[in-house]
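Colleague: Below is the structure I would like to discuss, written out as structure tokens.
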Amino acid sequence: MAFTTAGTVSVAKKGTQQFQGLWSDMWAVTITNSNPASVGAGAEDFQTFTVPGVRRGDVVIGWSMSNSVTVDGLISIYPSADNVITILISNLNGSTALDYLSGTNWKILIGRPNW
């Protein structure tokens, strides 16, 4: 179901700027050629990746992937242990499997809060 109101968008500033000391450390992570498993109807699957220096409590600021996310796919990315991030793919469709192409590339920005 679509939103009932369009909402209002405003951009305060655009361009490349620093985070003004909000982050004590940052990681620009690239994962290439991953092959997410087929996720059954109503199921979920995850993959872990080693990212040296990342700790629980760090924040995934944003991410992108080379494939389109389907309407029935929910993707969560989070630091699950020291030096480890997890990509969790949930299939919200109760009747059809969810498949992403092999060779999926990810770009993930992670920050450690400085507050």
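Colleague: Any residue that is at pLDDT 75 or above and within 21 Å of the chain's Cα centre (by Cα) - is there at least one of those in the range 2-22?
Modeller: Here is the first cut: in the range 2-22, the ones at pLDDT 75 or above are 21-22.
Filter again for within 21 Å of the chain's Cα centre (by Cα), leaving 22.
Yes, because at least one residue in the range 2-22 is at pLDDT 75 or above and within 21 Å of the chain's Cα centre (by Cα).
Colleague: Can you tell me how many residues within the range 32-79 are under 12 Å from ILE110 (Cβ atoms) and either in contact with a His (Cβ under 7 Å, 6 or more places away or on another chain) or assigned to a strand (DSSP E or B) (or both)? If you could, list the steps in order and put the result at the bottom.
Modeller: Just the residues of the range 32-79 that are under 12 Å from ILE110 (Cβ atoms), to begin with: 49, 51-63, 77-79.
Among the residues that remain, those that are also either in contact with a His (Cβ under 7 Å, 6 or more places away or on another chain) or assigned to a strand (DSSP E or B) (or both) are: 49, 59-63, 77-79.
Total meeting the criteria: 9.
Colleague: I'm checking my understanding of the structure. Among residues of the range 94-115 that are surrounded by fewer than 16 Cβ atoms within 10 Å (Cβ to Cβ) and polar (S, T, N, Q), which one is farthest from ALA37 (Cα to Cα)?
Modeller: Per the criteria, the residue is ASN114.
The values are calculated or read from the model by the stated rules, or taken from the named source; none is laboratory data. Nothing here was measured: the structure is a model prediction, and the numbers come from that model. When we count neighbours, we look across all protein chains shown, and the Cβ atoms used for this are built from the backbone with ideal geometry, even at glycine.
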